[in-house]
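K.L.:
The structure follows.
The values are calculated or read from the model by the stated rules, or taken from the named source; none is laboratory data. It should be emphasised that the depicted structure is a prediction, and the values quoted were computed from it without experimental measurement. We place every Cβ from the backbone using ideal geometry, glycine too, and count neighbours over all the protein chains shown.
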Amino acid sequence: MSAEIIDGKKIAAEIRQRLKEEIAADTHEDLPVLAVVLVGENPASQIYVRNKKKAAEEIGMGCEVVEFAESIGENALLHSLEELNENPHINGIIVQQPLPSQINLQKVLEAILPEKDVDGFSPYNAGLLQIKDPSAIVAATPKAVLTLLQKQLGDLSGKHAVIIGRSNIVGKPLALLLLNHDCTVTIAHSKTKNLSALCQEADILVCATGKAKMVKKDWVKKGAVVIDVGINRLENGKLCGDVDFDEVQKHAAAITPVPGGVGPMTIAMLLENTWEAFKKQKNQEKTCHCGHHHDCCCHSHKSHE
């Protein structure tokens, strides 16, 4: 029996439709606006940015693409981020990766106001996720994986999840998310011994390595749910994931395709993060945590001065 195909494209469309309806019904005069910072002319990055802009505009959300030359200095980029931080009409800021070598990525991530960090990569939001604070903005791809798993399995409590990949973008935040939903989590990586045997123990197997078709049928426990985060281009030009889909789909209970799985869900989660950030910021303009008007001393922007 073939695995059930987890249709990320369909689920993402449902989420975008919900967001479109909520934005249309909103009583604020302003619309939510996402700012996407693009440095250089990386072809893949340009495609990703175009897709994000198109998806945002389709749901009634503004999207400003701020482009810089590959040669921009670090200080100039940080200054531009500060201007976006201070712009009250910008609700979410993301910086498209990769960045050129003269730019320190960590400095860039730290420069974005936590409440506008809709990628969820800042140390502040990462820390909130660590302590299970519900106000954390969660990175879009891990949030996408969690949403797909909850749609497929419902309650995740007690499931053993194996994540192949330990990046700050996917592996680590996803591990925390799944722990927060009572999974038992194992993170595997390039130095893990007996990797295939470890994967065979997983009820949930998530692969985010960037190695085409690495996960084979004999790596997967019969009946497992497999989430393929990878996206790779083969010599023939076709896209594939980190999982050998044709093999594994005959063995797993459910699997995400590439393309059409995690990818469209990641963009949907980014839009959802921006919408949630917009609502929080508008509420914050009316009142801050001490109950006073927004121009009092504890307004969030002043706290970063």
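K.L.:
Consider only pairs whose beta carbons are under 7 Å apart and that are at least six residues apart or on different chains; among these, list those whose first residue lies in segment 130-145 and is charged (D, E, K, R) and whose second residue is modelled with pLDDT under 95 and surrounded by fewer than 24 Cβ atoms within 10 Å (Cβ to Cβ).
P.N.:
none
K.L.:
Go through segment 185-220 and count every residue that is touching a Lys or Arg at 6+ places or on another chain (Cβ under 7 Å) and surrounded by 16 or more Cβ atoms within 10 Å (Cβ to Cβ).
P.N.:
Residues in segment 185-220 being touching a Lys or Arg at 6+ places or on another chain (Cβ under 7 Å) and surrounded by 16 or more Cβ atoms within 10 Å (Cβ to Cβ): 5 in total.
K.L.:
Which residues, taken from segment 1-59, are more than 24 Å from L149 (Cβ to Cβ), of a type in the set (K, R) and touching a residue at least 24 places away in the same chain (Cβ under 8 Å)?
P.N.:
K20
K.L.:
Which condition from (1) in a loop (DSSP other than H, G, I, E, B); (2) under 30 Å from I90 (Cα atoms); (3) touching a strand residue (DSSP E or B) at 6+ places or on another chain (Cβ under 8 Å) is the one that G260 breaks?
P.N.:
(3)
K.L.:
Hey, can you tell me all the residues within segment 123-169 that are surrounded by fewer than 21 Cβ atoms within 10 Å (Cβ to Cβ) and charged (D, E, K, R)?
P.N.:
Within segment 123-169, K132, D133, K151, D155, K159, R166 qualify.
K.L.:
Would you mind listing the helices (runs of 4 or more DSSP H) fully within segment 86-197 where at least 1 residues are more than 25 Å from P264 (Cβ to Cβ) and in contact with a Leu (Cβ under 8 Å, 6 or more places away or on another chain)? Talk me through it step by step, then tell me what you get.
P.N.:
Details: elements: 105-111, 123-130, 140-153, 171-180.
Helices (runs of 4 or more DSSP H) meeting the threshold: 105-111, 123-130.
K.L.:
Just checking, does segment 57-70 include any residue being touching a Cys at 6+ places or on another chain (Cβ under 8 Å), assigned by TED's automatic domain parsing to the domain that holds E83, surrounded by fewer than 17 Cβ atoms within 10 Å (Cβ to Cβ) and modelled with pLDDT of 95 or more?
P.N.:
Checked against the condition, which is being touching a Cys at 6+ places or on another chain (Cβ under 8 Å), assigned by TED's automatic domain parsing to the domain that holds E83, surrounded by fewer than 17 Cβ atoms within 10 Å (Cβ to Cβ) and modelled with pLDDT of 95 or more, segment 57-70 yields at least one hit.
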